[in-house]
Amino acid sequence: MKKAFIMLSAIVALATGCTEKFVEPDPTAAGLEYYPVEVGDFRIYEVTDIKFRNNIGDTTRFLLRERVDTSFFDQTNTLNYKIVRSVKANIASQWQDDSVLVVTKSDKFVTETKDNTKRIKFVFPIKNGKVWSADAFNANLDQNRSKEMYTFQEAGAPATVGGKSYNQTVTVIQGTPANNLVQLDDRKEVYANRIGLVYRLFNKVTYCNDSESNTCPFGKNYKLNGHERIKILQSYGKM
């Protein structure tokens, strides 16, 4: 009787262990819904683009649409999503296809491939302070440049972007921020739960580095060259 009880206990324990091993990950707990992607999804952004040279800015404003066009399996049997990016100068204009992104998403990470450069844009589960290498799959990385690290901040925090309020967001800090006498590097993306990317800032500037101020005013935030782009979600849905 005692042996039978021990054997029954072992079988129950084994069955329980097997059940726990194959539990599906909780998309909500992992944060997978911060990066939704399905064929037919679209997002429209207002973009302000400023290019600086010799402290003079050239500003362009336009609308950008990102549309999940199709999906396909690659040679590794990984599901890929083709995202077509289109632009137009204003609401009255017609959309013109501009470029293509290819996205993959698993329960571990999201990759985006643009111009043959593949980066890890997002990782799961989301956690404040979590750091990862965005260039882990980047085969085009310059040998003189180290792999860039991304960091999660303000996970689950509410945010207001472009006059719209979002209950749950997470911010991805791209690279190592810098703001000193010779350079500015401020790049970040904000994602909203069940919506995706709602805000992107790219701001890289080289300030005057002539400490004698012979060719330009040193220490006065004189922008020798730089690029600032702000991307704000205007609308989203399914086509």
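Per-structure values
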read-out	value
Amide proton proximity set for Tyr222, modelled H, under 5 Å, gap of 5+	Cys208
In degrees, nearest ten, helix 2-21 long axis to first principal axis of the chain (Cα)	20 degrees
With eigenvalues of the C-alpha gyration tensor scaled by 5 and rooted, the chain, Å	43, 24, 17
The chain, helix-only ellipticity at 222 nm - DSSP H runs n ≥ 4, -39,500 (n - 2.57), divided by all residues, nearest 500	-3000 deg cm²/dmol
Unit charges on C-beta of K, R, D, E only; dipole of the chain, Debye	300 debye
Residues Phe72, Phe109 arranged by fewest to most Cβ contacts within 10 Å	Phe72, Phe109
Nearby lysines by direct alpha-carbon distance to Lys238 (threshold 17 angstrom, same-chain neighbours under 8 apart not counted)	Lys82
Positive-end residue, the chain charge dipole about Cα centroid, Cβ charges, pick of Asn221, Val170, Val182	Val170
Rough spin-label spacing in nm, given labels placed 7 Å along Cα→Cβ, for Ser213 and Ser71	6.0 nm
Cross-link table Lys88/Lys220; Lys108/Lys188; Lys88/Lys118; Lys105/Lys223; Lys51/Lys130; Lys147/Lys231, entries beyond 28 Å C-alpha to C-alpha	Lys88/Lys220; Lys105/Lys223; Lys51/Lys130
Residue (of Phe202, Thr76, Leu63) at the positive-pole extreme of the chain, dipole from beta-carbon charges	Thr76
Segment 39-238: relative contact order as a whole-number percent, Cα under 8 Å and 6+ apart	19 percent
Extension gain from Lys127 to Leu201, taking 0.36 nm per residue of separation minus the Cα-Cα distance	24.5 nm
Segment 67-110: trypsin sites (Lys or Arg not before Pro) falling in loop per DSSP and having at most 14 other Cβ within 10 Å	Lys108
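We did not get these values from a lab; they are worked out from the coordinates using the rules stated. Source: prediction; values computed, not measured. Ideal geometry is used to build each Cβ from the backbone, glycine not excepted, and the neighbour counts take in all protein chains shown.
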